[in-house]
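The next block holds one structure in the form of structure tokens; read it before the comments.
Just so it is clear, none of the values below were taken in a lab; they were calculated from the coordinates. Quantities reported herein were computed from a predicted structural model and do not represent experimental measurements. Glycine gets a Cβ as well: all are built from the backbone with ideal geometry, and neighbour counts include every protein chain shown.
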Amino acid sequence: MRRLERRNILPIEAGARLLSRHRAGQLKTEFSRLPLRVGYHTPCHIKALKTGLPFRELLELIPQLEVLPIDKGCSGMAGTFGLTREHFDESIAIGRGLIERMHQPDLIAGATECSSCRLQMQQGTDTPTIDPMAIAYGLLPRLKDQLLSLVELFEYGTSCVVCDKRRRSLPR
């Protein structure tokens, strides 16, 4: 049995890897148009890596997708910190700015690549938060139709196929 040689290989975050492939012309980017407005939250671990905002850059390649940065600081989750009973209230307090932004009617959805941030972004709101790769590549089969039905819901006050609720038209 051969011994594997140790190398100085640093881990690379998925978004950074995909963006480097895009820049090298090796990434499929024939995205369907998606006339939505999503709020993008940059997780703290992405900021710490200092590799830029790769998933946000990739989302901006999608025709008609408007990506609004949500610069409200930490979500307060810190992995599983916000899931524990003793830290839940503190977690909500830390993430209050992000949570309040997700309650604003101009966003059809939120986007972040961090699962724990995603949980916090959905606190007390019907606004879905989705992984950027699922948005870009339509990895969830009914996702596009559901998101577009939310656009109709908010723009025209029609019934929502996602939650079977009727909402009033919201001012633009």
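Odds and ends about this structure:
- Extension gain, ILE12 back to GLU60 (0.36 nm per residue minus Cα-Cα distance, nm): 15.2 nm
- Approximate spin-label separation THR84-GLU100, in nm, with each point projected 7 Å along Cα-to-Cβ: 2.7
- Rounded to whole Hz, the Karplus (6.51, -1.76, 1.60) HN-Hα couplings of segment 80-92, x for glycine and proline: 9, 3, x, 8, 7, 4, 6, 10, 4, 4, 5, 4, 4
- Two-site label geometry, ALA93 and GLN26: point separation in nm, points 7 Å out along Cα→Cβ: 4.8
- Simple label model, 7 Å out from Cα along Cβ direction - THR125 to HIS45, nm: 2.2
- Working ranking of peptides 101-110, 56-65 by packing, defined as the average number of other Cβ atoms within 10 Å per residue, highest first, is 101-110, 56-65.
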